[in-house]
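The values are calculated or read from the model by the stated rules, or taken from the named source; none is laboratory data. The structure displayed is predicted, hence computed values, not measured ones. Every residue, glycine among them, receives a Cβ derived from its backbone with ideal geometry; neighbour counts consider all protein chains shown. For accessibility, only protein heavy atoms count, side chains too; no ligands or nucleic acids. Shrake-Rupley method; radii C 1.70, N 1.55, O 1.52, S 1.80 Å.
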Amino acid sequence: MHTHTTESFEPYVHSTFDTSFNYRTTDPAYNVVSVGDTITQQLEAAGIAMIHDTTIHDYPSYNGAYERSAETVKAILAEYPSICVVLDIHRDAIQDGNTLLQPVVEIDGKEATQVMIISGCDDGTMDMPNYLQNFHFACRLQTCMEQRYPGLTRPILFDYRKYNQDLTTGSLLIEIGTHGNTLEQVQYAGKLVGKALAETLYKLQKTNGGS
């Protein structure tokens, strides 16, 4: 699912920063929904049942997006209580003045954007007592991605942040690329994330005795 559903990307690699370009769109072919579609394809190809929710939570109002996405997730969990993994797929925004940063890595001769997992922790005020289970999941996924595709990931951001990660013990926010990356780069990264995610889930299932 996507809290900031309208987050979009550069159309192509270029040397100048167009300050008038709008890095938001409701068109799912050009925003983070397309990255979620790519991840979905890999999970389905691996035989993993899942739901890709494409509800727009940040338009017309950006404020309150997390509250709205929480309601979406709660409704899905109520209908499918066996779900234990919830991934909120975003893109980052890294900018230095008038320069956009475009973190990429070459994997199998093709450019993929780098990926960052955000796993929140609780300082005792956030009502998230099981945050370490999310973090352990983040570490397993990060390890798998780096073993399969060295350089794909940026360091995990482990910080006092909630991001609705109190709703399950398998909740993570994943930043796939930045607004300086192209759609082609992020979709390729989504494909790699999907493959590593499928492997991680199967390994966890085996560790937990097939449950």
- prompt: Rounded to the nearest 5, what is the percent of antiparallel bridges among the DSSP beta bridges in the chain?
  reply: 50
Angle between the chain longest axis and helix 32-45 axis [Cα atoms, degrees, rounded to 10]: 50
message: Sequence gap at least 6, Cα distance under 8 Å: using those rules, report the relative contact order of region 1-82 to the nearest whole percent.
response: 39
- prompt: How much accessible area does Leu87 have with a 1.4 Å probe, in Å² rounded to the nearest 10?
  reply: 30
message: I'd like to check one number: the per residue accessible area of region 144-210, probe 1.4 Å, reported in Å² as a whole number.
response: 42
message: What is the percent carbon and sulfur in the accessible area of region 150-205, measuring with a 1.4 Å probe over the protein chains and ignoring ligands?
response: 51
message: Test of understanding: what is the full-extension gain from Thr25 to Ser61, defined as 0.36 nm times their sequence separation minus their Cα-Cα distance?
response: 11.7 nm
- prompt: Excluding ligands and nucleic acids, what accessible area in Å² is computed for His90 using a 1.4 Å probe, to the nearest 10?
  reply: 10
- request: Send over a whole-number figure in Å² for the accessible area per residue of region 43-133, probe 1.4 Å.
  value: 57
- line: Between the Cα axis of helix 131-148 and the main Cα principal axis of the chain, the angle (0 to 90°, nearest 10) is 60
query: How far is helix 65-79 tilted, in degrees, relative to the longest principal axis of the Cα atoms in the chain, given as a value from 0 to 90 rounded to the nearest 10?
result: 40
- prompt: To the nearest 500 deg cm²/dmol, what mean residue ellipticity at 222 nm is calculated for the chain from DSSP H runs of n ≥ 4 alone, each contributing -39,500 (n - 2.57), summed and divided by the residues?
  reply: -11500 deg cm²/dmol
statement: By the C-alpha gyration tensor axes a ≥ b ≥ c (rounded if a/c is under 1.5, else prolate when a/b exceeds b/c, else oblate), the shape of region 98-164 is oblate
- prompt: About the Cα centre of region 66-211, what is the dipole size in debye to 20, counting +1 per Lys and Arg Cβ and -1 per Asp and Glu Cβ, all else neutral?
  reply: 480
- request: Could you tell me which chymotrypsin sites (Phe, Trp or Tyr not before Pro) in region 3-87 are loop residues by DSSP with no more than 16 other beta carbons within 10 angstrom of their beta carbon?
  value: Tyr12, Phe17, Phe21, Tyr23, Tyr30, Tyr62
task: When you have a sec, figure out the Kirkwood radius of the chain from all distinct Cα pair distances and drop it here in Å to one decimal?
output: 17.5
Region 1-122, accessible surface, carbon-and-sulfur percent (1.4 angstrom probe): 50
